[in-house]
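> Below: one structure in structure tokens.
The values are calculated or read from the model by the stated rules, or taken from the named source; none is laboratory data. Predicted, not measured: the structure shown is a model, and the values here were computed from it. Reconstructed Cβ throughout: ideal geometry from the backbone, glycine too, with neighbour counts over all protein chains shown.
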Amino acid sequence: MQKRDRNPKQQSTLRRQLLKGLMLLPAAVMLGNVQLASAEVNTTGLAVTDDTVKVGILHSITGTMAISETGSVQAEKLAIDQINAMGGVLGRQIEYIQEDGASDWPTFAEKSKKLLVNDKVAAVFGCWTSASRKAVLPVFEQYNGMLYYPTFYEGLEQSPNVIYTGQEATQQILAGLDWVMENKGAENFYLLGSDYIWPRTSNKIARKHIEKNGLKVVGEEYYPLGHTQFNSVINKIKLKKPDVVFISVVGGSNVAFYKQLKAAGIEMGKEKPLFLTISVTEDEILGIGGENIDGIYASMKYFQSLDNENNAGFVDAFKEKYGEDIVIGDVTQAAYLGPWLWKAAVEKAGSFDIDKVRAASAEIELTSAPEGYVKVHPNHHLWSKTRIGQAQTDGQYKVVYETSELIEPNPFPEGYQ
Amino acid sequence: MFADYSSSELLAIFAMQGFAGLSLFSIFVLMALGLAIIFGQMGVINMAHGEFMILGAYMTYLTSNLFEALMPGLYGAYFIVAMVVAFVSAGALGALVEWAMIRRLYHRPLDTLLATWGLSLILQQCYRSIFGAREVGVSLPDWLMGSVAVTDMIEIPINGLFVMVLTLLIAAGVYYLMYRSNWGGQVRAVVQNRPMAGAVGINTGKVDRMTFALGCGIAGVAGSAFTMIGSTGPTSGQLYIVDTFLVVVFGGAASLLGTIASAFTISQAQSTMEFFLSGSMAKVLTLLVVVGILMLRPQGLFSLKIRR
Amino acid sequence: MNALKNNLFKRQDLINYGLLAILLVLILPLTLDIFRLNLVGKYLSYAFVAVGLVLCWGYGGILSLGQGVFFGIGGYAMAMFLKLEASSPEATAIQSTPGIPDFMDWNQLTALPWFWEPFHSLGFTTLAILFVAPLFAFIVAVAMFKRRVGGVYFAIITQAIAAILTILIIGQQGYTGGVNGITDLRTLMGWDIRTDSAKYILYFFCVAMLFACLLLAHLVLKSKLGRLLVAIRDREDRVRFSGYDVSSFKIFVFCFAAMLSAIGGAMFTLQVGFMSPTLVGIVPSIEMVIFCALGGRLSIIGAVYGALLVNAAKTTMSEAFPELWLFAMGALFIGVVLAFPNGLAGLYQTLLQKVKERRAAAAAQKTPATPAIAPRNATSDPEPAQGIGVPSQS
């Protein structure tokens, strides 16, 4: 009963871009090499034939989280299409089996088990919320699967069965805070988030960092997920007059918060206070409306407007597949990295076996990533740069700052726990 | 906590906080009026109420796009048109649903809950298939943006004022319809004694359909207005449904005045507590207080005390 | 003994239970692999709730939209015990405070909160699963039923309680695991519950518990209490005028349903390996009512089939059409409510009835001398409830 889409045939333009070398990988030289026998590359009974290899895509495409996860599904499918157009992985075309997590954590656990046990997929690209990742983690560890997890998240985790392609909290937060402290002279901070683990952990790290620098947190607040009334907290912000409001509100609440902020007469572009978010990507701005949010800053590793050749090719390919109006956020890009990182690891290992792929994963490099060069740390997170973008009325971010070095992922930060 | 602030600052904050409470109040009333008619008058538990609201929101989005494409000169007026479109489309869908489904279930009110739950799943998936899983951004005409500066400190959001005026108008309209018009008399007659109403020549089926359609239409207008302050996505309607039901039940379902009084109480409680506590705790406390009072006074705030 | 048996279980009852037992104990384990069987076990844990709902909704006329609360209480109690076992100081040595659950460590708790302490003991945990939910239900029920809150009002108040509890659990994440829930449960008294063999054992344990609960529910329904419940549902005031204290019967049946739900929650945690607030809130609570409605609100066995079928449909449809399955689910709910108000069990009853009528007719034709005896309804199910949700003040 499962869905086995063969992916649509690639258009010639895509191939042209690929020929331009935008998606070149170190391992791409394998292309056209002698085909290895299935018995050699798959000793553990994964769903690998002489021509195909099966992978899973596990995101919510129904329920409340579908709003956020749609972009990740699109990016993963695009990456798979592109890899197939280049000849696949170890000469095998990737076939994906898509499952719906339905925004429900037990369903995620059930579907991940189905993918690993019944479908014997070689890798799973999926999950978005921390809760869904926590729900599937024991399944992946028990049945030894490989999960590529795209979202920026709170850290405090390092599983041998997960590659975290998004940033962990310290990578994303510290650079952003340092930037406002150094460049904007910020002294008082107001922390605001949705009520669950990621905002709470993020704010904990932010608070420690702010206080370490001898500065002050004047307020810290959490609202239930899906909350739609923010007038009271806006009044509190007006009263406390912080220099920076640090925001990790997620989902539909974002729309309500920024629209009400705008309506309350706060000009975000005036930077009094300055709004710094770690949760609003271009995807969210689509729902908020660019005119309601222009002037805020976001601290992330990727913006659609990043000016480099890799990203230009990625954005073109994405728009060609999904339409001119589509936007690409941080997580979408991180999701796009998943299949490429897996391909690189498989080719380095010369095998689809999970253990070999895992062993090969550390120190994998991608020079072709839209965000620029990335490298897998032995702790399974990515080295990455953090950028500060300022939201514009057209719904895009203008990159105003970029860390000069790649930041080392540090999921268990000393002194921030 | 107020020691650090000057008295003028405090005054301004209290004024704005009062306004925040009032605007929350008008939002609650707007959410609850449609349901108060459907649930309070007809006894139908419409779990798809939120989806009817979002239908209104999507209609507003479509109208806005249409105006932008066809008559950009009149863009400022689109919002008014959009509300009419929202009312008509949600009302029409309501009438259709009543005809296809609800009318078979009047003698089984709890079953309407299950059937409308199924309906809400279908509507959500429709929105997702038609408009995409992502939220859509509804842009506002310029005259609805920004705020009126009363003093240096006090700024009143224009869209908040707009929602308040709209709420007043709709509440007055509903009051007139239900209590002053001939049709309202028929509705109340059907609610009180269906066979007798039928016997004196009221077409009860038609009255039911119009009542349900009216309730859904008001939900549509509410959804249209909420594009100014909230998100528009396939599942956004779910955010409102619990609050809405609580407001109606707390007010004493059969009484429109009760609905308004309960919306006022809950909104003031919530907005005051939100100011002094953290948001999550304020929400929990508000709900707890409401449930506590409902346990002591199950018939709601305003209701004739008749024991069954 | 035999007489008692005949009185309690009519022949048709025995056949029905037998069929269910054959399905759950023989057919499913023999035909499904352990992954699917484990899923069936998960569905069965919802069946406990559905059986409870048959009692309190179908028979008592009390619709609760907050059964998820009790399911959650049972599930969390079990999860707390398992989590403590999984967080031995050795297993959690990398934490800043070893020996407490990982999520507490992430939230800077440095000691186990007091209300977690007793969950080191399996005995206490079992008692908590069995009695905390009924106790909570008792408090709610006394407040409501003594004041004669009923029908729709009760439904919406229980819904609000489910909303409150969800927000509380999510908000107090240092103590509850927050929105992630309590995850990564490993062993029960040193026995690894994640292995395939453990899953088989847990499945059969779950089936056994389910039959024990069905038996209990059956006894309740066949006793005088069951008949009173039906009477209360249909004509509450007449029962009251006859001198019965209506509210205490309602309180009892609500507490009983709560206990069944809590057992179901504990079964869920054991078989699925975690517990999260998504199982406590409004959506799962309504879904559980739907299992019950689809199976037939007047049949405890029907409720089990309802839970199995809806969930199986959900799983297969979402695997086959991940982007469209909600349409099918929605249509299923509407169709069942409109076409089969008494659910599958009602359909089954009508079929049985028809078969019997035909047999009786055939018999009557053979011996025209004796008048055909009107076929007796095998399980003597009452007529469907009508107008059970009229607001209490009307």
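> Which members of the stretch B:148-168 meet the condition of being at pLDDT 85 or above and exposed (fewer than 13 other Cβ atoms within 10 Å of the Cβ)?
Within the stretch B:148-168, B:V165, B:L168 meet the criteria.
> Still on this structure, please answer the following. Counting just the residues of the stretch C:323-348 that are within 14 Å of chain B (Cβ to nearest Cβ) and crowded, with 24+ Cβ neighbours inside 10 Å, which one comes out farthest from C:L65 (Cα to Cα)?
Selected residue: C:L326.
Yes or no, residue by residue, for (1) in contact (Cβ under 8 Å) with a residue 12 or more places away in the chain; (2) under 16 Å from the mean Cα position of the chain (by Cα):
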| residue | (1), (2) |
| --- | --- |
| C:L229 | yes, no |
| C:R235 | no, no |
| C:R240 | no, no |
| C:F249 | yes, no |
| C:V253 | yes, yes |
| C:F256 | yes, yes |
| C:S276 | yes, no |
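> If you don't mind, there's one more thing I want to ask. Provide a single number: the residues in the stretch B:108-126 that are surrounded by fewer than 23 Cβ atoms within 10 Å (Cβ to Cβ) and more than 7 Å from every other protein chain (Cβ to nearest Cβ).
Going through the stretch B:108-126 one residue at a time, the tally reaches 1.
> On to the next question. Kindly indicate which of A:N188, A:N183 is away from chain B (no Cβ under 14 Å) and surrounded by fewer than 23 Cβ atoms within 10 Å (Cβ to Cβ).
A:N183
> If you don't mind, there's one more thing I want to ask. Which of the residues spanning the stretch A:24-55 are at pLDDT 90 or above and under 28 Å from the mean Cα position of the chain (by Cα)?
Within the stretch A:24-55, A:L46, A:A47, A:V48, A:T52, A:V53, A:K54, A:V55 meet the criteria.
> Go through the stretch B:179-292 and tell me which helices (runs of 4 or more DSSP H), entirely inside it, have 3 or more residues that are away from chain A (no Cβ under 14 Å) and surrounded by fewer than 21 Cβ atoms within 10 Å (Cβ to Cβ).
By residue number, B:182-192, B:194-199, B:204-226, B:256-276.
Listed here are the residues, each with its yes/no results for (1) part of a helix (DSSP H, G or I); (2) among the acidic types (D, E); (3) surrounded by 14 or more Cβ atoms within 10 Å (Cβ to Cβ); (4) within 14 Å of chain B (Cβ to nearest Cβ).
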site: C:T92; (1), (2), (3), (4): no, no, yes, no
site: C:D105; (1), (2), (3), (4): yes, yes, yes, no
site: C:L112; (1), (2), (3), (4): no, no, yes, no
site: C:W116; (1), (2), (3), (4): yes, no, yes, no
site: C:L127; (1), (2), (3), (4): yes, no, no, no
site: C:A133; (1), (2), (3), (4): yes, no, yes, no
site: C:F138; (1), (2), (3), (4): yes, no, yes, yes
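> Give me a count of the residues in the stretch C:176-200 that are among the β-branched types (V, I, T), farther than 20 Å from C:T125 by Cα and part of a helix (DSSP H, G or I).
1
> Here is a list: A:T62, A:T52. Which entry is at the interface with chain B (Cβ under 10 Å from one of its Cβ atoms) and more than 19 Å from A:F152 (Cβ to Cβ)?
After ruling out the rest, the residue left standing is A:T62.
> Here is a further query. Among the numbered criteria (1) more than 14 Å from chain C (Cβ to nearest Cβ); (2) modelled with pLDDT under 95; (3) under 18 Å from A:G45 (Cβ atoms), which one does A:V117 miss?
That leaves (1) as the condition not met.
> Please go through (1) surrounded by 23 or more Cβ atoms within 10 Å (Cβ to Cβ); (2) within 9 Å of another protein chain (Cβ to nearest Cβ) for A:S72 and return the number of the only condition it doesn't satisfy.
Here A:S72 meets the rest and fails (2).
> For the stretch C:141-152: of the residues being more than 7 Å from chain B (Cβ to nearest Cβ) and assigned to a helix (DSSP H, G or I), which is surrounded by the fewest Cβ atoms within 10 Å (Cβ to Cβ)?
Ranking the qualifying residues of the stretch C:141-152, first place goes to C:V142.
> I'm checking my understanding of the structure. Among residues of the stretch A:125-157 that are touching a residue at least 40 places away in the same chain (Cβ under 8 Å) and farther than 24 Å from A:G251 by Cα, which one is farthest from the other protein chains (Cβ to nearest Cβ)?
A:M146
> Now a separate question. May I ask you to list the residues in the stretch A:38-69 that are part of a loop (DSSP other than H, G, I, E, B) and crowded, with 20+ Cβ neighbours inside 10 Å?
Matches in the stretch A:38-69: A:N42, A:L46, A:S60, A:I61, A:T62, A:G63, A:T64, A:M65.
> Collect the residues in the stretch A:200-214 that are over 14 Å from A:L174 (Cα atoms) and surrounded by 17 or more Cβ atoms within 10 Å (Cβ to Cβ), keeping them in residue-number order.
A:R200
> Count, please, the residues in the stretch A:270-301 that happen to be out of contact with any Asp or Glu (no Cβ under 6 Å at 6 or more places or on another chain) and assigned to a helix (DSSP H, G or I).
9
> Now for a separate question. Hey, can you tell me all the residues within the stretch C:155-173 that are over 24 Å from the mean Cα position of the chain (by Cα) and buried (at least 18 other Cβ atoms within 10 Å of the Cβ)?
Once the filter is applied, which keeps residues that are over 24 Å from the mean Cα position of the chain (by Cα) and buried (at least 18 other Cβ atoms within 10 Å of the Cβ), the stretch C:155-173 yields C:G171, C:Q173.
> Ok, one more. Can you confirm whether A:G395 is within 30 Å of A:A37 (Cβ to Cβ) and either in a loop (DSSP other than H, G, I, E, B) or in contact with a strand residue (DSSP E or B) (Cβ under 6 Å, 6 or more places away or on another chain) (or both)?
The answer is no for A:G395.
> Give A:K343, A:K375 a once-over and let me know the one that is in contact (Cβ under 8 Å) with a residue 24 or more places away in the chain, out of contact with any Lys or Arg (no Cβ under 7 Å at 6 or more places or on another chain) and surrounded by fewer than 24 Cβ atoms within 10 Å (Cβ to Cβ).
A:K375
> Quick check on C:N16: is it assigned to a helix (DSSP H, G or I), within 14 Å of chain A (Cβ to nearest Cβ) and on the phi < 0 side of the Ramachandran plot?
No.
> Name the residues in the stretch C:137-163 that are of a type in the set (V, I, T) and either at pLDDT below 85 or touching a Pro at 6+ places or on another chain (Cβ under 8 Å) (or both), would you?
C:V149, C:V152, C:I156, C:I157
> Something else about it: Of all the helices (runs of 4 or more DSSP H) wholly in the stretch A:84-185, which have at least 3 residues that are over 25 Å from A:I197 (Cα atoms)?
Here the list reads A:169-184.
> If you go through the stretch C:153-160 one residue at a time, do you hit one that is of a type outside the set (V, I, T), more than 12 Å from every other protein chain (Cβ to nearest Cβ) and either at negative phi or touching a Gly at 6+ places or on another chain (Cβ under 9 Å) (or both)?
No, there is no match, as no residue in the stretch C:153-160 is of a type outside the set (V, I, T), more than 12 Å from every other protein chain (Cβ to nearest Cβ) and either at negative phi or touching a Gly at 6+ places or on another chain (Cβ under 9 Å) (or both).
> Further question: Do we find that A:N311 is surrounded by 21 or more Cβ atoms within 10 Å (Cβ to Cβ) and touching a Lys or Arg at 6+ places or on another chain (Cβ under 6 Å) in this structure?
no
> Please give the number of the condition C:L298 fails out of (1) within 12 Å of chain B (Cβ to nearest Cβ); (2) under 21 Å from B:L110 (Cα atoms); (3) not in a helix (DSSP H, G or I).
(1)
> In the list A:V244, A:V280, which residue meets the criterion of being buried (at least 24 other Cβ atoms within 10 Å of the Cβ), over 22 Å from the mean Cα position of the chain (by Cα) and of a type outside the set (G, A, S)?
Result of the check over A:V244, A:V280: A:V244.
> Considering only the stretch C:81-90, state which residues are in contact with an Asp or Glu (Cβ under 8 Å, 6 or more places away or on another chain) and away from chain A (no Cβ under 13 Å).
Within the stretch C:81-90, just C:S87 meets the criteria.
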